[in-house]
Amino acid sequence: MIQQHSNGGGAGVAGPWLVRIPEVFATVGPEIVRRLSPTGATLLGTEFYLLKSSTAEAVTGPDTVLHVSWRLPVAHSWPCRPRTMEGFVEKAAQTLLRKFSGQPIQAILVGLLHGGTPNSYYKKLASNLRGRVLQLFPPLPVAEAESQHAGRPTLYCLLGPEGLYAGVASPVATNGFYPGGTKHLPHEAVDAISRAGAKVAEALHYLRLHRAALPKGAHWLELGASPGGMTAELLSKQFRVTAVDRAALDSRLDGMKGLTFVRGDALAFRAPAGVVYDGLLCDLNGGARESMMAVLSHRGALKSGAVVIFTLKLPGTESVAAALALRDEIVAMAGMGGLNLIAQTHLRANRREFTLFFADAGGSRPRAGTGADAERGASLRPRSGRAY
């Protein structure tokens, strides 16, 4: 059933928005919606909200960007029941042609409002609608989501039992190449070592919104690697990996080409002389502050401009405000240590955690493994809170 939420906002109204708030944050959903300052909000399915009117600043600002994992300014909305409507595909396609055919879009993509558990009927309906729209529109420069330019406009359409909603924005503006966000990847493949493999696969896919992908053969330092789900995914993409963990890796990784496993503490590990890394991946269990200290202790072994993918875990953090405060603390700590934040999001494979993306700022750096950067951030203290 569609539920209604509203408040008394309205200043600086830009128009309606469709936003996705991951279901895992349902307990704080009302607080997140209030921060978006809509004059009214309708829940579509389990994760999408249609904001009656809100400002772009509220929807894309730093205080909502973590919990709002995808957003689209809505230029066309058609509340209806597609399943009971005769000729829905043709009517919808003709309307989209009239409204959007003159705009310089690179692609047309159609997705589902209930993407987590797609109904086969609406999945087929979305495919049929996209096929018919592409027949009507002049030829477009991009045929598939993966081939899009991150900064060029795309016509995104989402449909479900509640109707059809469409708008034009670039992938980087919406926060994903696909309608609704990043590519949906299975969390538990039958032969997967752990669900973490899907997490890093999605993170690498998402990162392409903000910078070029690392080439094959690039060398990753992975902190907190056991049991090896992320390690296996990196190796499958033909990267080299130095994996560090106190616990052993899954035996299926024994002898894998490109893998160096170091069994020991991530903070105590020292990169061999002359070894530098193109990227660092941190999915350590434990406190966020301690995890960032471990990352910064290895900054001296990172190439200038190296990418850091950091899982921000939220133990002891209940409210949206507490989660944002923890994010701010970790970003400040990273900045003091020479890492610049380039993106932040909640991935589909995340649970009650976020993924932060940093780039090494270059310039002066400590000798690898000294921990000097971490010590510069030692005065920062974690804020208290309770779990979501």
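So what's the gap between the Cα centers of the stretch 191-227 and the stretch 35-66, to the nearest angstrom? Centre-to-centre distance over Cα atoms comes out at 30 Å. Peptide packing for 304-313, 86-95, 318-327 was compared via the average number of neighbouring C-beta atoms within 10 Å per residue; ordered from the highest value, the list is 304-313, 318-327, 86-95. Over the stretch 93-172, with a single point scatterer placed on each C-alpha, what log10 of the ratio I(q)/I(0) does the Debye formula yield at q = 0.13 1/Å? Values, matching the q order: -0.38. Extension gain for residue 352 to residue 236 (0.36 nm times residue separation, less C-alpha to C-alpha distance): 39.1 nm.
Bridgeable aspartates and glutamates around residue 237 (alpha carbons under 13 Å apart, same-chain partners fewer than 8 residues away excluded): 202.
Less than 5 angstrom separates the built amide H of residue 280 from those of 221, 307, 308, 309, all sequence-distant by 5 or more or on a different chain. Antiparallel beta bridges, as assigned by DSSP with both residues in the chain, represent about 60 percent of the total such bridges.
Residue-wise HN-Hα couplings along the stretch 38-51, as the Karplus relation 6.51 cos²θ - 1.76 cosθ + 1.60 with θ = phi - 60° gives them from phi, are x, 7, x, 9, 10, 7, 10, x, 10, 10, 8, 10, 9, 7 Hz; Gly and Pro carry x. Dividing the C-alpha radius of gyration of the stretch 106-261 by 2.2 N^0.38 Å, with N its residue count, gives 1.25.
Within the shell of other residues whose beta carbon sits under 15 angstrom from the beta carbon of residue 111, the net charge comes to +3, with Lys and Arg scored +1 and Asp and Glu -1. Karplus-derived 3J(HN,Hα) values for the stretch 164-173, using 6.51 cos²θ - 1.76 cosθ + 1.60 with θ = phi - 60°, are 10, 9, 9, x, 10, 6, 7, x, 5, 6 Hz; glycine and proline are entered as x. Taking every Cα-Cα distance in the stretch 196-376 and sorting them into 10 Å bins starting at zero, the pair-distance distribution P(r) comes out as 10, 41, 39, 10, 0 percent.
Straightening the chain between residue 95 and residue 144 buys 15.4 nm, computed as 0.36 nm per residue apart minus the Cα-Cα spacing. Which of the DSSP-defined H helices in the chain satisfy a minimum axial length of 15 Å, computed from C-alpha atoms, and a minimum mean Kyte-Doolittle hydropathy of -1.0? In the chain, the long hydrophobic H runs are 88-100, 120-136, 196-207, 320-336. Neighbour counts of other Cβ atoms within 10 Å put 329, 146 in the fewest-to-most order 146, 329. Label point 7 Å out from residue 135 along Cα-to-Cβ: which residues of the stretch 52-88 have amide N under 15 Å? Those under the cut-off are 87-88. Using R0 = 41 Å, the C-beta based FRET efficiency linking residue 321 and residue 257 works out to 0.30.
A Cβ-based charge dipole, computed about the Cα centre of the chain with Lys and Arg at +1 and Asp and Glu at -1, lands at about 440 debye. What would the Debye formula give as log10 I(q)/I(0) at q = 0.10, 0.12, 0.15, 0.16 Å⁻¹ for the alpha-carbon point model of the stretch 4-174, no solvent? At q = 0.10, 0.12, 0.15, 0.16 Å⁻¹ the computed log10 ratios are -0.37, -0.54, -0.84, -0.96.
Readers should treat all values here as calculations from the given coordinates under stated rules, not as data from a laboratory. Owing to the predicted nature of the structure, the values given are computational and were not obtained by experimental measurement. Here the Cβ is made from the backbone with ideal geometry for all residues, glycine too, and neighbour counts use every protein chain on show.
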